[in-house]
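Have a look at the structure below, then the notes.
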Amino acid sequence: MNYNNAKQRIKQMLTEKIDDTLQQVVNFLQKNFESYSWVGIYLIKNNMLHLGPWQGPQATEHTKIPIGQGICGAAAKTGKTEIVSDVHADDRYLSCFISTRSEIVVPIKQNDTIIGEIDIDSDTPDAFTEKDDQFLKEIADMLSEHIHNQ
Ligand code: SME
């Protein structure tokens, strides 16, 4: 799907302000972007990442991740996007699914505070580019505003 169409559609979902909005957004991303095999949102509570809504073929065992651990914990610590083109070549990687080959984690921020992140696993090697980073940062900002207004 085209990034601009996706932004428009997600913006509409977020203005509806219904309880399962975040679930709808992860469902939408997973369904409409072929390389987005598993899409989840982690939120930070008590210095720990807690898995919120997710969509994909399987559940992950990693429903709680300490800040600093794994690719997810690294992005939560630095506030910077992590793009891992080959998860098996990254020592930090916490394995969730046997089929995963690459991963992107984009922090969700409120002002300068990191409140969570979007985590996407792909079954395609080297699936993520700067364009995904830019797109998902914009989605993260929309989600941040939505969470703030809840
Ligand atoms: N691979 C992540 C853990 C979360 S799962 O991908 C859903 C990591 O290394 O932090």
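Ranked from largest to smallest solvent-accessible area, with a 1.4 Å probe on the protein heavy atoms, LYS80, LYS45, LYS31 come out as LYS31, LYS80, LYS45.
Think of it as helices only: each DSSP H run of n ≥ 4 in the chain is worth -39500 (n - 2.57), and spread over all residues that comes to -11000 deg cm²/dmol at 222 nm.
With a cut-off of 8 Å between alpha carbons and a minimum separation of six or more residues, what is the relative contact order of the stretch 3-149 in percent? Please list the in-between numbers first.
On the way: 271 pairs, mean separation 32.9, N = 147.
Dividing the mean separation by the residue count of the stretch 3-149 yields 22 percent.
Taking 0.36 nm per residue of separation and subtracting the current Cα-Cα distance, fully stretching the chain between LYS11 and MET48 would add 10.5 nm. Pairs exceeding 21 Å between alpha-carbon atoms, taken from LYS77/LYS109; LYS11/LYS131; LYS80/LYS131; LYS7/LYS77; LYS7/LYS64; LYS7/LYS137: LYS7/LYS77; LYS7/LYS64.
Among the protein heavy atoms, those of ASP123 account for about 70 Å² of accessible surface (1.4 Å probe, every chain in place). Running Debye on the chain with equal point scatterers at the Cα sites and no solvent, what base-10 log of I(q)/I(0) appears at q = 0.11, 0.12, 0.15 Å⁻¹? Log-scaled intensity ratios, in q order: -0.36, -0.43, -0.69. In the context of the full protein assembly, THR63 retains an accessible surface of approximately 70 Å², using a probe radius of 1.4 Å and ignoring ligands and nucleic acids.
Between GLY116 and ILE44, ILE108, the built amide H atoms are under 5 Å apart, and every one of these is 5 or more places off in sequence or on another chain. Taking all protein chains together and a 1.4 Å probe, the residues GLU138, GLU145, GLU103, GLU82 rank GLU145, GLU138, GLU82, GLU103 from largest to smallest accessible area.
The values are calculated or read from the model by the stated rules, or taken from the named source; none is laboratory data. The model shown is predicted, which means the values in this text are computed figures rather than measured ones. Note: areas computed on protein heavy atoms with side chains; ligands, DNA, RNA excluded. Shrake-Rupley method; radii C 1.70, N 1.55, O 1.52, S 1.80 Å.
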